[in-house]
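**Student:** Provided herewith is a single structure, encoded as structure tokens, for subsequent inquiry.
The values are calculated or read from the model by the stated rules, or taken from the named source; none is laboratory data. For clarity, every value in this text was computed on a predicted model and none was experimentally measured. Note that each Cβ is placed from the backbone with ideal geometry, even for glycine, and that neighbours are counted across all protein chains shown.
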């Protein structure tokens, strides 16, 4: 595997992991829990 | 300076272990706000009890960072990282088991603040500075900063799941075990130059290095810029959800905004570190601070909508911790790496004073005026100020007089 291919693979994995974590934020129940906990700071 | 040993750790080893440590140490602390509601309800404490402990933690992080840096430069970062991991575990367990606001302030505030000082950027950057060639140093600092940003992004939902799955107390105890992983990772960062407990020989004592740095105008300017970074980032991170609520936006908008800040922060820190290898870092820093002021101004004056919030969060996320690699790489370039952790600790202390001011002034002026307008304007003005003060920073290595008889 060339250096360029390795770099592309590393960037691809990094982006996939970031999108997977972002997906955690979009789950409805997670979002509601998180939002409630954030909002609780300001009641 | 002679602190570098001829034998160096490999680039991959330094980056893998350093990034994993910073991911853990920065990530775990980032979700502490999620414990506000469950802890205050379970213990019948006020919100002020919790907030005071977190404020103490931020100041302790900055204060102990100086001493963690001195110890890391003198005895090696390995010892500081291991000590920091133990303090972190003890602090998290203390958070879970505290029954009074005082013990909570001592554990969540002092212990975890000291632990963060020993396990985050200043200490890890000292290793990167000593072990990685200047030609790749800024990039490597960008990788480590991106790892810390990723930790923050990752751990908020993970900690939310831990709290809802196991309860707030078990979640803290689980994290207290998880942070002990820093100890085996620290073995990968044992620097050959510090073997046997003997400190490497240096050209300057701690006091000489301090006197030199504090008399050097560029160091003062970098500290001033970093103060602004702390002020803006923590003011926005803490008070933006409240601001959005006042403006009638739904809670989900605030959650997505924080997610976008976390996501773009990872890209921003990495790109800033990479650019620091090719461009003048003072210009990168000036552009970041100027960009923040523009972003805040446009956000305030444009019609507010969920989309405007998401765009603002993405732009601010991109500029969020992107100041970290160029600031620390510049300190390393000017003063060398012999006292890098200590000098990084002082610069970070300035950041934490700014953080404290951002949180405190945000709350104080909101209570007095009923809005955040004044603090937003202060944040814009400070961004312009930081952009201006970073421009004259001299990045070239400082010229030291040659000792007599040398």
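**Student:** For the range B:285-305, does any single residue satisfy the condition of being assigned to a helix (DSSP H, G or I), over 20 Å from residue B:357 (Cβ atoms), out of contact with any helix residue (DSSP H, G or I) (no Cβ under 9 Å at 6 or more places or on another chain) and not assigned by TED's automatic domain parsing to the domain that holds residue B:138?
**Tutor:** Among the residues of the range B:285-305, at least one is assigned to a helix (DSSP H, G or I), over 20 Å from residue B:357 (Cβ atoms), out of contact with any helix residue (DSSP H, G or I) (no Cβ under 9 Å at 6 or more places or on another chain) and not assigned by TED's automatic domain parsing to the domain that holds residue B:138, which makes the answer yes.
**Student:** Out of all the residues in the range B:118-136, which are surrounded by fewer than 24 Cβ atoms within 10 Å (Cβ to Cβ) and in a helix (DSSP H, G or I)?
**Tutor:** B:134, B:135, B:136
**Student:** Let me ask you something else. Somewhere in the range B:186-207, is a residue under 26 Å from residue B:309 (Cα atoms) and surrounded by 15 or more Cβ atoms within 10 Å (Cβ to Cβ)?
**Tutor:** No - not one qualifying residue is present in the range B:186-207.
**Student:** Here are B:220, B:170, B:208: which of them is away from chain A (no Cβ under 14 Å) and out of contact with any helix residue (DSSP H, G or I) (no Cβ under 9 Å at 6 or more places or on another chain)? Break it down into steps so the answer makes sense when it comes.
**Tutor:** On the way: B:220 fails: out of contact with any helix residue (DSSP H, G or I) (no Cβ under 9 Å at 6 or more places or on another chain); B:170 fails: out of contact with any helix residue (DSSP H, G or I) (no Cβ under 9 Å at 6 or more places or on another chain).
None of the other options fit; the residue is B:208.
**Student:** Continuing with the same structure: So, in the range B:34-50, exactly how many residues are free of Cβ contacts under 8 Å to residues at least 60 places away in the same chain and buried (at least 17 other Cβ atoms within 10 Å of the Cβ)?
**Tutor:** Qualifying residue count, the range B:34-50: 6.
**Student:** Right, next: Which condition breaks for residue B:250 when tested against (1) surrounded by fewer than 24 Cβ atoms within 10 Å (Cβ to Cβ); (2) more than 9 Å from chain A (Cβ to nearest Cβ); (3) within 17 Å of residue B:310 (Cβ to Cβ)?
**Tutor:** For residue B:250, the exception is condition (2).
**Student:** Can you tell me how many residues in the range B:315-346 are in a helix (DSSP H, G or I) and farther than 17 Å from residue B:26 by Cβ?
**Tutor:** Residues meeting the conditions: 15.
**Student:** Report, by residue number, each residue of the range B:293-319 that is surrounded by fewer than 18 Cβ atoms within 10 Å (Cβ to Cβ) and farther than 14 Å from residue B:264 by Cα.
**Tutor:** B:294, B:297, B:298, B:300, B:301, B:302, B:303, B:304, B:305, B:306, B:307, B:308
**Student:** Among the listed residues A:24, A:18, A:31, A:8, which satisfies the condition of being facing chain B (nearest Cβ under 8 Å) and either modelled with pLDDT of 90 or more or more than 30 Å from residue B:37 (Cβ to Cβ) (or both)?
**Tutor:** The match here is A:18.
**Student:** Taking residue B:244 as meeting all but one of (1) modelled with pLDDT of 90 or more; (2) in a helix (DSSP H, G or I), write down the number of the exception.
**Tutor:** (1)
**Student:** Continuing with this model, one more query. Hey, can you tell me all the residues within the range B:366-406 that are assigned to a loop (DSSP other than H, G, I, E, B) and either under 20 Å from residue B:283 (Cα atoms) or at pLDDT 95 or above (or both)?
**Tutor:** Result: B:391, B:392, B:393, B:394, B:395, B:396, B:397, B:398.
**Student:** Please determine whether any residue of the range B:354-365 is without any contact (Cβ under 8 Å) to a residue 40 or more places away in the chain and in contact with a helix residue (DSSP H, G or I) (Cβ under 8 Å, 6 or more places away or on another chain).
**Tutor:** yes
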